[in-house]
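*Asks:* Mind looking over this structure? Questions follow.
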Amino acid sequence: MYFIWLILAFLCMGYYIICAAYAGIHSSFIFIWLIGTVGFGGLFAMRFLTLHRIFLVPVWFQRIVFAVCIAGFAVFVCIEGLIISKMVQPVQYDCEYIVILGCQVRGTHITKSLRKRLDRAISYIEAAEQQTGDKKPVQIIVSGGQGNGELIAEADAMRQYLIEHGISEERITCENQSTNTDENFRYSMKLIDNPQAKTGIVTNNFHIYRSLKLAKAKGLENPVGIPADSDSILFINYMVRESIGIVKDFVMGNFQK
């Protein structure tokens, strides 16, 4: 039975190699799979050494490690369930505002994840106009500052992409100071006249749950999710990263109003 730890270690290493080959070794957060390889490998080694009486690990220590693993797995499953619950909710097409959350820009070029968000926003706008007859065009806020390796702010790159794809410049407002999701909403709130207005949050599907929690904490009273697709190869990596992000925001009190 303890060989399951060895199998998990090999799976983590295999997935790391796939992610590194696909997106590069500096791709966001894939180092966690190396940590997983070492962690599961260590658990296997502990049981192997104990069962073969090469090195006797104290029983009390084994029980503590086992309890921590079970508790961590239970928390992880619960968080993943919350993430998935917001990925599958139907989209509402009567928003007064939509906030498009930024992510990495390479130089001045839109990355794949950000393009998925922008394309989803465009398809949402077109569908909303068909349903409402364009009587009250949705106002667009693009949110994202300038980070390392970015020659322009994410918001400016997003604005240019939307204009190039037929969205009127007058409908777009830029928030170009934020450096994380919490700041996305803190600064975007200043650009929304009515915090009670239904506001669509456009981001990748795995990111919807945390984004809605942060939006409400920053004062948006009626945020709704507009999920974009995610990269299929990196999806597992994103899901694990997001669960850790949710724990971090909870511990830091970012979900509190």
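*Asks:* Within the range 136-152, how many residues turn out to be surrounded by 15 or more Cβ atoms within 10 Å (Cβ to Cβ) and without any contact (Cβ under 8 Å) to a residue 12 or more places away in the chain?
*Replies:* Total satisfying the criteria: 0.
Okay, residues lined up against (1) closer than 30 Å to residue 209 by Cα; (2) exposed (fewer than 15 other Cβ atoms within 10 Å of the Cβ):
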site	(1), (2)
16	yes, no
29	yes, no
58	no, yes
66	yes, yes
72	yes, yes
88	yes, yes
92	yes, yes
105	yes, no
108	yes, yes
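*Asks:* Output the residue which, of all residues in the range 109-145 that are in a helix (DSSP H, G or I) and β-branched (Val, Ile, Thr), is modelled with the highest pLDDT. Lay out the reasoning, then the answer.
*Replies:* Within the range 109-145, the subset in a helix (DSSP H, G or I) is 112-132.
Add one more test, that the residue is β-branched (Val, Ile, Thr), and what stays is 122, 125, 132.
Details: 122: 95, 125: 92, 132: 68.
Step by step, filter the range 109-145, then rank; the result is 122.
*Asks:* Can you tell me which residue in the range 14-61 is modelled with the lowest pLDDT, limited to those that are among the hydroxyl-bearing types (Ser, Thr, Tyr) and part of a helix (DSSP H, G or I)? If you could, list the steps in order and put the result at the bottom.
*Replies:* Restricting attention to the range 14-61, the residues satisfying the condition of being among the hydroxyl-bearing types (Ser, Thr, Tyr) are 15-16, 22, 27-28, 37, 50.
Now drop any that are not part of a helix (DSSP H, G or I), which leaves 15-16, 22, 37, 50.
Numbers: 15: 97, 16: 96, 22: 92, 37: 96, 50: 81.
Checking each candidate, the answer is 50.
*Asks:* If you don't mind, another one. Looking only at the range 146-181, which residues are of a type in the set (D, E, K, R) and over 17 Å from residue 121 (Cβ atoms)?
*Replies:* Here is the first cut: in the range 146-181, the residues of a type in the set (D, E, K, R) are 150, 154, 156, 159, 164, 169-171, 175.
Once the filter is applied, which keeps residues that are of a type in the set (D, E, K, R) and over 17 Å from residue 121 (Cβ atoms), the range 146-181 yields only 150.
*Asks:* In addition: Of (1) closer than 17 Å to residue 203 by Cα; (2) in contact (Cβ under 8 Å) with a residue 40 or more places away in the chain, residue 76 satisfies all except one. Which?
*Replies:* Every condition holds for residue 76 apart from (1).
*Asks:* Right, another one. Which residue pairs have Cβ atoms under 6 Å apart, sit 6 or more places apart or on different chains, and have a first residue in the range 211-240 that is over 21 Å from residue 93 (Cα atoms) and a second that is small (Gly, Ala, Ser)?
*Replies:* 238/230
*Asks:* Quick one: is residue 189 under 20 Å from residue 122 (Cβ atoms), of a type in the set (A, V, I, L, M) and in a helix (DSSP H, G or I)?
*Replies:* no
*Asks:* Can you find even one residue in the range 162-176 that is of a type outside the set (Lys, Arg), assigned to a helix (DSSP H, G or I) and surrounded by 15 or more Cβ atoms within 10 Å (Cβ to Cβ)? Reasoning before the result, please.
*Replies:* Initially, the range 162-176 is screened for residues of a type outside the set (Lys, Arg), giving 162-170, 172-176.
Now drop any that are not assigned to a helix (DSSP H, G or I), which leaves 162-164, 169-170.
Still in the running and surrounded by 15 or more Cβ atoms within 10 Å (Cβ to Cβ): 162.
The answer is yes, given that some residue of the range 162-176 is of a type outside the set (Lys, Arg), assigned to a helix (DSSP H, G or I) and surrounded by 15 or more Cβ atoms within 10 Å (Cβ to Cβ).
*Asks:* For the range 231-257, how many residues are in contact with a Ser or Thr (Cβ under 7 Å, 6 or more places away or on another chain) and assigned to a loop (DSSP other than H, G, I, E, B)?
*Replies:* The qualifying residues number 1.
*Asks:* Return the residue satisfying two criteria in turn: it lies in the range 1-31 and is of a type outside the set (A, V, I, L, M, F, W, C) and closer than 15 Å to residue 41 by Cβ, and of such residues it is farthest from the chain's Cα centre (by Cα). Give the steps one after another, and end with the answer.
*Replies:* Looking only at the range 1-31, we keep the residues that are of a type outside the set (A, V, I, L, M, F, W, C), and these are 2, 14-16, 22, 24, 26-28.
Pick out the ones that are also closer than 15 Å to residue 41 by Cβ and you get 2, 14-16.
Numbers: 2: 33, 14: 23, 15: 19, 16: 19 Å.
Out of the qualifying residues, it is 2.
*Asks:* Go through (1) within 24 Å of residue 106 (Cβ to Cβ); (2) surrounded by fewer than 19 Cβ atoms within 10 Å (Cβ to Cβ); (3) touching a helix residue (DSSP H, G or I) at 6+ places or on another chain (Cβ under 8 Å) for residue 203 and report which single condition fails.
*Replies:* Going through (1) within 24 Å of residue 106 (Cβ to Cβ); (2) surrounded by fewer than 19 Cβ atoms within 10 Å (Cβ to Cβ); (3) touching a helix residue (DSSP H, G or I) at 6+ places or on another chain (Cβ under 8 Å) one by one, residue 203 breaks only (2).
*Asks:* Just the residues that are over 18 Å from the mean Cα position of the chain (by Cα) and either in a loop (DSSP other than H, G, I, E, B) or closer than 25 Å to residue 221 by Cβ (or both), please, taken from the range 92-108.
*Replies:* Matches in the range 92-108: 92, 93, 94, 95, 96, 97, 108.
The values are calculated or read from the model by the stated rules, or taken from the named source; none is laboratory data. Predicted model, so just to flag it, every value in this text is computed and none were measured. Here Cβ is always computed from backbone atoms with ideal geometry, including for glycine, and neighbour counts include all displayed protein chains.
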